[in-house]
Amino acid sequence: MVRLFRAAGTAAFALALSLPLPLAAAGTASAAPASTTASPPASAAQLQLPAPTGRYAVGRATLPLTDHSRPDPWVPAAKARELMVDLFYPARSGTGTPARYATTEEIRLLLKDRGLEDVVPAEAVSGTATHSRTGARPATGTYPLLVLSPGFTASRYTLTSLAEELASRGYVVATVDHAYESVGTAFPGGRMLTCAACPQVHDRETGRYAATGRAKDVSFVLDQLTGRRPAWRYAHLIDKNRIGVGGHSLGGASAVSAMALDSRIRAGVNMDGSFHDPVPAGGLGSRPFLMLGTDNEVHRPGGKDTTWDETWRRLDGWKRWLTVAGSDHYTFTDTPALADQLGMPDPAPALSGKRSVDLTRAYVGAFFDLHLRHIPQPLLQGPDKEHTEVKFHRPA
């Protein structure tokens, strides 16, 4: 059981596009419950995410978006591309009500897909206590915008701990669910959209199609949040001149695709995803990029995932290639922290859930603080005695 949660629920929780391997198929539709921002039932709040460390309380809003200019890339009959976006923002303390982690049905579908439905109670995970609040009044000021995308087959809620941390430090953070690319995401109208893309994505070429599709999604989100008539009521919080993008697995790899497509994006982060869509031959216009991955035979220089070496050579701005000892594919998400609380730590040498969260927050936060706030970050200059798990690579 212990190994099962880490293997099926962590490393393979969406190993997905970490390597260009065939992906398991999933269904396409089922009934869905209400918004993920509804308050959780009190009896299901035994799990909790690590508390943010920044100065601000965190507000949260859910925004459904529809791009009518293009059909869905996986289900053309849908005629329009739909996204679900959670917005985390600096808020005033004591306002709003607790936001729910995810719906029980979303978690149930995830656990079923991973073969964990009889191991982990869906209600306990969906009721995980968060540190963001719906209806919270925003803090004054303007803040950089970060758009985060989850791994293929995963949902935006898997990046909640990182999003809450960044918002508490003074960022507006948009986490994005891309229709038909997760095992289950609740959409308006009582719809649960499942992974129609899964049987269609199975090699580097189809992975590239997925990455470039997500790049278009990110650009559309920016249009909706920073345009003349923004779709979000608190869009005035966003500093349009300070925008970053990142994510996990496919979500991280597609950050390069989004930067190549949209010059508004000033900095990007990939957490352990294969770059199926390569950096353009001319680079990214000297914009900074962070590659943060597992320290194994996959994402070290010369590793099995050759796209990291290819990307490193083409990046033409500030860049770092970091790997984390004891990590696995899902170290950079909420999964390890929840696994530890469920009493399922990995018996093999591995990072604890708390350490996984702390390292991810430290290095992703430092990267965006350096490049969007121009705050010096010694942490990114080389190995650090308080973060000995993190290794710096500078291949030729």
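The values are calculated or read from the model by the stated rules, or taken from the named source; none is laboratory data. From a predicted model like this one, the values you see are computed outputs, not experimental measurements. Please note: Cβ atoms are built from the backbone with ideal geometry, for glycine as well, and neighbour counts cover all protein chains shown.
Could you run through region 227-249 and say how many residues are under 17 Å from residue 86 (Cβ atoms) and part of a helix (DSSP H, G or I)?
2
Among the residues of region 86-97, is there at least one that is over 19 Å from the mean Cα position of the chain (by Cα) and within 23 Å of residue 330 (Cα to Cα)?
no
Working carefully through the options 97, 53, find the one that is touching a strand residue (DSSP E or B) at 6+ places or on another chain (Cβ under 7 Å), at pLDDT 95 or above and either closer than 22 Å to residue 341 by Cβ or β-branched (Val, Ile, Thr) (or both).
97
Would you pick out the residues in region 251-297 that are among the aliphatic types (A, V, I, L, M) and in contact with a strand residue (DSSP E or B) (Cβ under 7 Å, 6 or more places away or on another chain)?
Filtering region 251-297 down to residues among the aliphatic types (A, V, I, L, M) leaves 253, 255-256, 258-261, 265, 267, 269, 271, 279, 281, 284, 290-292.
Within region 251-297, 253, 255, 256, 258, 259, 265, 267, 269, 271, 290, 291, 292 meet the criteria.
Determine, yes or no, whether residue 167 is touching a residue at least 24 places away in the same chain (Cβ under 8 Å), touching a strand residue (DSSP E or B) at 6+ places or on another chain (Cβ under 8 Å) and among the aliphatic types (A, V, I, L, M).
Judged against the criteria, residue 167 is a match.
Considering each residue of region 360-384, count those that are polar (S, T, N, Q) and closer than 17 Å to residue 144 by Cβ, and give that number.
Adding up the residues that qualify gives 1.
Filter region 55-71 for residues that are in contact with a Leu (Cβ under 8 Å, 6 or more places away or on another chain) and either assigned to a loop (DSSP other than H, G, I, E, B) or not small (Gly, Ala, Ser) (or both); which is farthest from residue 96 (Cα to Cα)?
Ranking the qualifying residues of region 55-71, first place goes to 67.
Among the residues of region 217-227, is any charged (D, E, K, R), modelled with pLDDT of 95 or more and within 17 Å of residue 257 (Cα to Cα)? It would help to see each step written out before you state the result.
Of the residues in region 217-227, the ones charged (D, E, K, R) are 217, 223.
If we keep only those that are modelled with pLDDT of 95 or more too, we end up with 217, 223.
Remaining after also requiring within 17 Å of residue 257 (Cα to Cα): 217, 223.
Looking through region 217-227, at least one residue is charged (D, E, K, R), modelled with pLDDT of 95 or more and within 17 Å of residue 257 (Cα to Cα).
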